[in-house]
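Scroll down for the structure; my scribbles are underneath it.
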């Protein structure tokens, strides 16, 4: 009887862990430079999947002011069209700001992707900061290319030279470079896919690209000195070679208050 109970418990544990349904994950960031509330959605690692309608419908219920696209929206091994269609739907509803991920660069067609997004009306950030007025609040939104582009280091320096008194946000695909991102109030990344496998309350992520086993920044909110750092677990479940375990796909919603 005891063995049967253990087997049942293990089965339940595994079944629950295989649920990778899409969730809204909300973070509230309180800062002295924020006088008027702003709600941002961070979307990363879509990887040209086919679940765009589910994401769009969930976003519509969130009263989002801005969309920040943190790279790998388009995958190098899947049809670009699905990624383009997703972005096109987003742009029809929201102001969107985008930085590249490694998969856009691996495609060998990043210049074409960039031009396509610009034509769609996406704000493509490549080492620049844009002052954005939202709900009476001015934000300084900065972004750099993925580090597959060697110019990303120079782009980061350019962004740092543009920091001002407004609330400064950096959009950068790779979380493992966090020590380079000093000076910004909020840094937003993806790439880690939540470490792929998790054990709630024990292991936040088993393995992620460029961080290896037990990554420091698999997903969640981290506070480094006076800087807030958010890593999205991403949106993809079709293109990943290893299935997710206790690692839901997520739309990250950030309330600046």
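The values are calculated or read from the model by the stated rules, or taken from the named source; none is laboratory data. Keep in mind that what you see is a predicted model, and the values were worked out from it rather than measured. As a convention, Cβ positions derive from the backbone with ideal geometry for all residues, glycine included, and neighbour counts pool all protein chains shown.
Things worth noting here:
- Residues located in region 194-227, provided they are under 20 Å from residue 143 (Cα atoms) and crowded, with 21+ Cβ neighbours inside 10 Å: 217, 219
- Note on region 1-57: among residues that are over 30 Å from residue 170 (Cα atoms) and in a loop (DSSP other than H, G, I, E, B), the one that is modelled with the lowest pLDDT is 1.
- Residue that is within 28 Å of residue 129 (Cβ to Cβ), touching a strand residue (DSSP E or B) at 6+ places or on another chain (Cβ under 6 Å) and either modelled with pLDDT under 95 or not in a strand (DSSP E or B) (or both), where the choices are 222, 217: 217
- Per the listing 178, 169, 144, the residue uniquely farther than 24 Å from residue 111 by Cβ, touching a strand residue (DSSP E or B) at 6+ places or on another chain (Cβ under 9 Å), crowded, with 16+ Cβ neighbours inside 10 Å and without any contact (Cβ under 8 Å) to a residue 60 or more places away in the chain is 178.
- Region 58-81: number of residues that are assigned to a helix (DSSP H, G or I) and over 15 Å from residue 105 (Cα atoms): 4
- Some residue of region 30-45 being without any contact (Cβ under 8 Å) to a residue 40 or more places away in the chain and either surrounded by 10 or more Cβ atoms within 10 Å (Cβ to Cβ) or in contact with a helix residue (DSSP H, G or I) (Cβ under 6 Å, 6 or more places away or on another chain) (or both): no
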